[in-house]
Ligand code: NI
């Protein structure tokens, strides 16, 4: 059972660092994975990246529960661990939608992302995987991979793209 670790908030230098590639799957990495799972379950976001719990390593956890989701095109993804993820767009189509972030309390803003991506990563057993994702799940992956490069979504919000408190409440916009 992992620990629930306090989420680092924007302004913390670790959120601006480039993360390190994971070289081997050892007990330290397994513990980080468990901590990510426990912390995300506790906080209720759709995804979390290791730097958000103070770890500068390329590890991400995605957990999209489509039922509770405002995003219409959300594909259900349960506890997907991505180690050293890399993605590329498979078409040039982009779209804008609201994002939030566990590290940026209270704020939601529209960010343009690729609609469809091809994702390569190592899974929890350190096996190489490839997956095509589209819509909201592709958005979550792009958002979390930004964290591994020291980028927070705030930098990418389009002009006049920040949501009002009313909009956030109306659509129940959660953190990504
Ligand atoms: Ni985030």
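Any read-out appearing in this document is the output of simple, stated calculations on the displayed coordinates, not a laboratory observation. This is a predicted model, so every value here is computed, not measured. Here Cβ is always computed from backbone atoms with ideal geometry, including for glycine, and neighbour counts include all displayed protein chains.
Values for this structure:
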item: Relative contact order of the chain, pairs being alpha-carbon contacts under 8 Å that are 6 or more residues apart, as %; result: 25 percent
item: Principal-axis tilt of helix 27-43 within the chain, Cα atoms, nearest 10 degrees; result: 30 degrees
item: Cβ-Cβ FRET estimate between residue 123 and residue 56, R0 fixed at 22 Å, reported to 0.05; result: 0.60
item: Sites residue 169 and residue 9, calculated FRET efficiency, Cβ-Cβ separation with R0 25 Å, nearest 0.05; result: 0.70
item: Radius ratio Rg over Rh of region 14-83, counting only Cα atoms, Kirkwood formula for Rh; result: 1.00
item: Two-site label geometry, residue 86 and residue 112: point separation in nm, points 7 Å out along Cα→Cβ; result: 2.5 nm
item: Gain on full stretching of the segment that runs from residue 70 to residue 154 - 0.36 nm per residue minus C-alpha separation; result: 28.2 nm
item: All-pairs Cα distance distribution in region 110-176, expressed in whole percent, bin size 10 Å; result: 17, 42, 29, 10, 1
item: Largest-first principal axis extents, alpha carbons of region 57-176, Å; result: 44, 28, 27
item: Ranked 56, 27, criterion: other C-beta atoms within 10 Å, fewest first; result: 27, 56
item: In nm, spacing of pseudo-spin labels at residue 25 and residue 132 (7 Å Cα→C-beta vector); result: 2.6 nm
